[in-house]
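Working notes, beginning with the structure itself.
The values are calculated or read from the model by the stated rules, or taken from the named source; none is laboratory data. This one's a predicted model, so the numbers in the text were calculated from it and none came from an experiment. Note: ideal-geometry Cβ built from the backbone for every residue, glycine included; neighbour counts use all protein chains shown.
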Amino acid sequence: MRTRVLITTAVAASAGMALLAGCTGGGQETSGAAATGSSPSVRTISPAPGSSSTAPPPPPPSTSPGAPATNASSGTCTSAELGVTAGPSQGQSGMQKSDATFTLTNKGTRSCTLEGFPGVSFVTGDNGTQVGAPARRNDAVAPQLVTLAPGAGAATVLLITAPEAYDPAECKAVDVRGLRIYPPGETAALFLDMQTHTCSGEPQGSTLLSVNPVGVLQ
């Protein structure tokens with residue numbers, strides 16, 4: 001039975017800015033894409049009662065003659081509207097595999113939607129160099145359309161395999177600084193500080209990272 005662990009990290013602003021600069025270059029990783037096919041389930045997430053939201057209040061509607069009505073929801077959440085944090089806790093880590101979670105939070109002033117799989121990879125160095133292959137999608141779990149109200153967040157499970165599970169000569173373990181995360185459909189990435197180590201090589205049959213659709217914790 002695998003056990004789970006909270007990523008015991010916090011977003012480092014200075015490191016995040018430097019690492020995100022590497023995302024605009026010739027990166028090896030593709031962005032997360034929305035799933036297609038069968039109709040997904042739909043749910044709406046609002047901030048927990050009594051919780052404080054960092055999002056500013058929405059602007060008042062225009063009173064100019066002929067001004068169009070403001071749409072409370074304008075579609076997909078963009079990277080600029082989202083923040084990423086570690087957690088919530090999902091348990092304790094095992095010897096070789098651990099479940100970790102990260103939460104994408106709507107920092108904007110409108111409701112927006114997320115659907116599909118995020119793109120996730122380990123990165124290192126000041127320029128955000130990718131280490132290892134991007135996370136494999138857990139296709140056994142169906143995506144769902146998630147609507148985030150301002151201040152609300154959607155948590156997602158990420159399965160991490162420790163480098164100790166593989167032949168050291170094939171693994172070539174290295175230290176990494178954190179995770180580069182592309183929200184579904186986005187080409188601009190977010191950075192989550194998580195200092196750990198992973199394989200820089202390609203061990204036979206390895207799956208170092210496996211990610212669920214956004215908002216799916218099972």
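Going through the range 109-139 one residue at a time, which ones are small (Gly, Ala, Ser) and under 27 Å from residue 218 (Cα atoms)?
Taking the range 109-139 and keeping what is small (Gly, Ala, Ser), we get 111, 116, 119, 121, 125, 128, 132-133, 135.
Within the range 109-139, 111, 116, 119, 121, 132, 133, 135 qualify.
Among 165, 154, 142, 149, which is the only one that is within 14 Å of the chain's Cα centre (by Cα), in contact (Cβ under 8 Å) with a residue 60 or more places away in the chain and at negative phi?
Numbers: 165 fails: within 14 Å of the chain's Cα centre (by Cα); 142 fails: within 14 Å of the chain's Cα centre (by Cα); 149 fails: within 14 Å of the chain's Cα centre (by Cα).
Selected residue: 154, the only one of 165, 154, 142, 149 that is within 14 Å of the chain's Cα centre (by Cα), in contact (Cβ under 8 Å) with a residue 60 or more places away in the chain and at negative phi.
When residues of the range 116-143 are filtered for being polar (S, T, N, Q) and buried (at least 23 other Cβ atoms within 10 Å of the Cβ), how many remain? It would help to see each step written out before you state the result.
Start the filter on the range 116-143 by keeping residues that are polar (S, T, N, Q), which leaves 121, 124, 127, 129-130, 138.
Adding the requirement that they be buried (at least 23 other Cβ atoms within 10 Å of the Cβ) leaves 121.
Number of matching residues: 1.
Just to be sure, is residue 196 outside any strand (DSSP E or B), more than 14 Å from residue 85 (Cα to Cα) and among the β-branched types (Val, Ile, Thr)? If you could, list the steps in order and put the result at the bottom.
Values: outside any strand (DSSP E or B): no; more than 14 Å from residue 85 (Cα to Cα): yes; among the β-branched types (Val, Ile, Thr): yes.
Taking the combined requirement at face value, the residue does not satisfy it.
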### Message
Among the residues of the range 202-218, what is the count of those that are part of a loop (DSSP other than H, G, I, E, B) and either touching a Cys at 6+ places or on another chain (Cβ under 7 Å) or under 13 Å from residue 139 (Cα atoms) (or both)?
### Response
8
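Which one of these is over 24 Å from residue 82 (Cα atoms), surrounded by fewer than 23 Cβ atoms within 10 Å (Cβ to Cβ) and either touching a Cys at 6+ places or on another chain (Cβ under 8 Å) or modelled with pLDDT of 95 or more (or both): 173, 149, 162?
Values: 149 fails: over 24 Å from residue 82 (Cα atoms); 162 fails: either touching a Cys at 6+ places or on another chain (Cβ under 8 Å) or modelled with pLDDT of 95 or more (or both).
After ruling out the rest, the residue left standing is 173.
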### Task
Report, by residue number, each residue of the range 162-193 that is touching a Lys or Arg at 6+ places or on another chain (Cβ under 9 Å) and either within 25 Å of residue 141 (Cα to Cα) or part of a helix (DSSP H, G or I) (or both).
162, 163, 165, 189, 190, 191, 192
### Message
Quick check on this structure: which one of 178, 132 is more than 21 Å from residue 85 (Cα to Cα), of a type outside the set (Asp, Glu) and touching a strand residue (DSSP E or B) at 6+ places or on another chain (Cβ under 7 Å)?
### Response
132
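For (1) hydrophobic (A, V, I, L, M, F, W, C); (2) closer than 19 Å to residue 103 by Cβ, each residue gets a yes or a no:
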residue	(1), (2)
121	no, yes
127	no, no
133	yes, no
141	yes, yes
167	no, no
179	yes, yes
191	yes, yes
199	yes, no
